[in-house]
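Undergrad: Below is a structure I'd like to ask you about.
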Amino acid sequence: MAPVRLGGPVRPVGLWLIDSEQVSTHVTTGSDWCLIVKRSAPCAGYGMAKLGRVEAAPIRSETPFADHLGETMRAVSEERDPGTGRIALEITFDSGRVRCGTWSGDLCLSST
């Protein structure tokens, strides 16, 4: 996961889900504010000029995924918003679900 602090609390700008076979899936947002989900190896971090540096760091309690570390994903589904065309991703674990979406270009994560 790559957290960033922009004058407020740390929030992820992207994250990598790594399965038991070490396959990495990157979840982030695009410049058009869409959700991007693709197979990609984690990066080491990168600079954003005046905004500072984005660092890749291990997951902590800051995201809903922390409650599901080590669990098997049981299902993955898409949710489409007919008004905007945006797609959200819902990942189901034995102990709950995590929803990945976007709002105003930010990655939004919530648990249910």
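Undergrad: Give, as a single signed number, the net charge of other residues whose beta carbon lies under 13 Å from the beta carbon of Gly101, with Lys and Arg counted +1 and Asp and Glu -1.
TA: On the way: positive: Arg80, Arg86, Arg97, Arg99; negative: Glu78, Glu79, Asp81, Glu90, Asp106.
With Lys, Arg at +1 and Asp, Glu at -1, the net is -1.
Undergrad: Another question, then. Using Cα pairs closer than 8 Å and at least 6 residues apart in sequence, work out the relative contact order for the chain, in percent.
TA: With pairs under 8 Å counted, the relative contact order is 22 percent.
Undergrad: Separate question: In nm, what is the difference between 0.36 nm times the number of residues separating Val23 and Ala56 and their Cα-Cα distance? Intermediate results must be reported in sequence, preceding the final value.
TA: Values: separation 33, 0.36 × 33 = 11.88 nm, distance 1.69 nm.
Result for the pair: 10.2 nm of gain on full extension.
Undergrad: ³J(HN,Hα) across segment 66-83 via Karplus (A = 6.51, B = -1.76, C = 1.60, θ = phi - 60°), whole Hz, x for Gly/Pro?
TA: These are the phi-based 3J(HN,Hα) values: 4, 6, 10, 4, x, 7, 8, 6, 8, 7, 9, 9, 9, 10, 10, 9, x, x Hz.
Undergrad: A further question on this structure: Give me the net charge for the shell around Thr25: Cβ to Cβ below 9 angstrom, other residues only, Lys and Arg +1, Asp and Glu -1. Kindly include the intermediate steps, with their values, before the conclusion.
TA: Working: positive: Lys38, Arg39; negative: Asp19.
Computed value for this residue: +1.
Undergrad: Turning to a different aspect of this structure: All other residues with a Cβ under 13 Å from the Cβ of Glu79 taken together, and with Lys, Arg as +1 and Asp, Glu as -1, what is their net charge?
TA: Values: positive: Arg80, Arg86, Arg97, Arg99; negative: Glu78, Asp81, Glu90.
With Lys, Arg at +1 and Asp, Glu at -1, the net is +1.
Undergrad: Rg to Rh ratio, the chain, alpha-carbon atoms and Kirkwood radius? Before the final figure, lay out the partial values.
TA: Working: Rg = 14.0 Å, Rh = 14.7 Å.
Here Rg/Rh amounts to 0.95.
Where a number appears in this text, it was derived from the coordinates with a stated rule and is not lab data. Because the structure is predicted, anything quoted here is derived from the model rather than measured. Every residue, glycine as well, gets a Cβ built from its backbone with ideal geometry; the counts of neighbours run over all protein chains shown.
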